[in-house]
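A short write-up of the structure that comes next.
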Amino acid sequence: AKANGSNQYCVYNAQLALAHERKIRVENELKKAVETEQLFLVYQPIVELETGRPIGMEALLRWVHPELGFVSPAEFIPIAEETGQIVCVGEWVLREACEQTKRWHDEGYAYLYVSVNVSARQIQQGSFVHLVQTTLQKTGLSVEKLELEITESIMQDPSRSTKVLNDLQHLGVKTAIDDFGTGYSSLYLLKELPINTIKIDKAFVDDMTNNRGHSVVKSIIQIGRNLGLKIIAEGIEHETQVEELLQDSCHYGQGYHYLKPAPVNEFALYLTKVEEE
Ligand code: C2E
Ligand code: CA
Ligand code: CA
Ligand code: CA
């Protein structure tokens, strides 16, 4: 038993070492990724459930490395957050998303807004609000066409986050809570901070098939509506979910049912298609 125990320890140790190695590799390669144009954005429509028509799109980061291949944001974003690289990467994401949205506006889709994911580390930078302001100026995107998605993790530094979110609101930039309900202090955050939108996490939307899960989604929608917020359901994959959400008075959503996050060209095709309908 003793030998076995130490064996398991070795296996465990080896796995840890491998994971650590991979992490260092990802961290090092990410440094070059911005300059060598390995990063790009894909876009997923945010639609009005009643009509199925897009009102905006979420920008999502993609990384294809020449040797590592596709690296999932679920893997590299947490690493970039830990190392602080997310500050630089996030700056690039914001500019790129605003530039592209301005292009679509100029091509006749001026009604679309863009929703950009922002990490707590970025919010903590003293210059964040200034960065948002200058990015809007440089790209020419109207301030009301930008929404920033934050997660509940910003509550680790409540006083700083409150200041930043107030300043953003003052500037006219909208804010959404992403993955609502999965973190901590969601309700506190809703009560204390200027928030325009709640995004209901896919896990809750998936769970609507059972009674308890459905009740939770209905309650989130009610809270949001009582506070006058816009509510977006994430991860919609089936028409039945659309019908239920509409019955429960959730008016907006996104998910594979409409479109998987798509590169610029493909998203543009989608726009032409919905325009013809
Ligand atoms: P998120 O912000 O919650 O984004 C939603 C995720 O759900 C995306 O995964 C999207 O591709 C996926 N998704 C959308 N609809 C469906 C659906 O119907 N079914 C399923 N199964 N999945 C769906 P993705 O693109 O892999 O991104 C993962 C996470 O990485 C994001 O979760 C976000 O937290 C983070 N992330 C992505 N881009 C950025 C970025 O530019 N900045 C920051 N800070 N984080 C980002
Ligand atoms: Ca998001
Ligand atoms: Ca989300
Ligand atoms: Ca998420």
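When only alpha carbons are used to place a centre, segment 124-165 and segment 191-259 end up 24 Å from one another. Considering only Ile177, Ile154, Leu271, the residue lying farthest towards the positive end of the dipole of segment 138-277 is Ile154, judged by Cα position with unit charges set on Cβ.
A simple charge model with +1 on the Cβ of Lys and Arg, -1 on the Cβ of Asp and Glu and nothing else charged puts the dipole of the chain at about 760 debye relative to its Cα centre. Ratio of Rg to Rh for segment 1-93: 1.20 [Cα atoms; Kirkwood radius as inverse mean 1/r over pairs].
Beta-bridge orientation, the chain: approximately 45 percent antiparallel, per DSSP, counting only bridges with both partners inside. Which shape class applies to segment 168-277: rounded if a/c is under 1.5, otherwise prolate when a/b exceeds b/c and oblate if not, where a ≥ b ≥ c are the square roots of the Cα gyration tensor eigenvalues? It comes out oblate by the Cα gyration axes. Karplus-based coupling profile of segment 131-141, in residue order and whole Hz: 4, 4, 4, 5, 4, 5, 4, 5, 8, x, 6, with θ = phi - 60° in 6.51 cos²θ - 1.76 cosθ + 1.60 and x standing for Gly or Pro. Please work out whether segment 146-202 counts as rounded, prolate or oblate from its C-alpha gyration tensor, where a ≥ b ≥ c are the square roots of the eigenvalues and a/c under 1.5 means rounded, while otherwise a/b larger than b/c means prolate and anything else oblate? Taking the square roots of the gyration eigenvalues as a ≥ b ≥ c, segment 146-202 is oblate. Reported value for segment 216-277: 102 Å³ per residue, from the convex hull of its C-alpha atoms.
Dipole magnitude for segment 80-181: about 360 debye, using +1 per Lys or Arg Cβ and -1 per Asp or Glu Cβ, origin at the Cα centre. Volume per residue of the convex hull around the Cα atoms, evaluated for the chain, comes out as 166 Å³. Considering only the other residues whose Cβ falls under 15 Å of the Cβ of Ile223, what net charge follows from Lys and Arg at +1 and Asp and Glu at -1? With Lys, Arg at +1 and Asp, Glu at -1, the net is +1. Taking the DSSP bridge list for segment 48-138 and keeping only pairs wholly inside it, about 50 percent are antiparallel.
Dipole of the chain computed with +1 at Lys/Arg Cβ and -1 at Asp/Glu Cβ about the Cα centre; of Gly69, Leu131, Gln241, farthest Cα towards the positive end is Leu131. Remark on segment 64-188: ratio of C-alpha radius of gyration to 2.2 N^0.38 Å is 1.10.
Residue ranges 14-25, 123-134 sort as 123-134, 14-25 when ordered by packing (mean number of other C-beta atoms within 10 Å per residue, highest first). The portion of the accessible surface of segment 201-277 made up by carbon and sulfur, rounded to a whole percent, is 49 (1.4 Å probe; DNA, RNA and ligands excluded). For the chain, the per residue solvent-accessible surface stands at 51 Å², with DNA, RNA and ligands left out and a 1.4 Å probe. Residue separation of Glu107 and Gln247 scaled by 0.36 nm, minus their Cα-Cα distance, works out to 46.9 nm of gained length.
The values are calculated or read from the model by the stated rules, or taken from the named source; none is laboratory data. Because the structure is predicted, anything quoted here is derived from the model rather than measured. Backbone-built Cβ (ideal geometry, glycine too); neighbour counts: all protein chains shown. The area values use the complete protein model at the heavy-atom level, side chains included, leaving out ligands, DNA and RNA. Shrake-Rupley method; radii C 1.70, N 1.55, O 1.52, S 1.80 Å.
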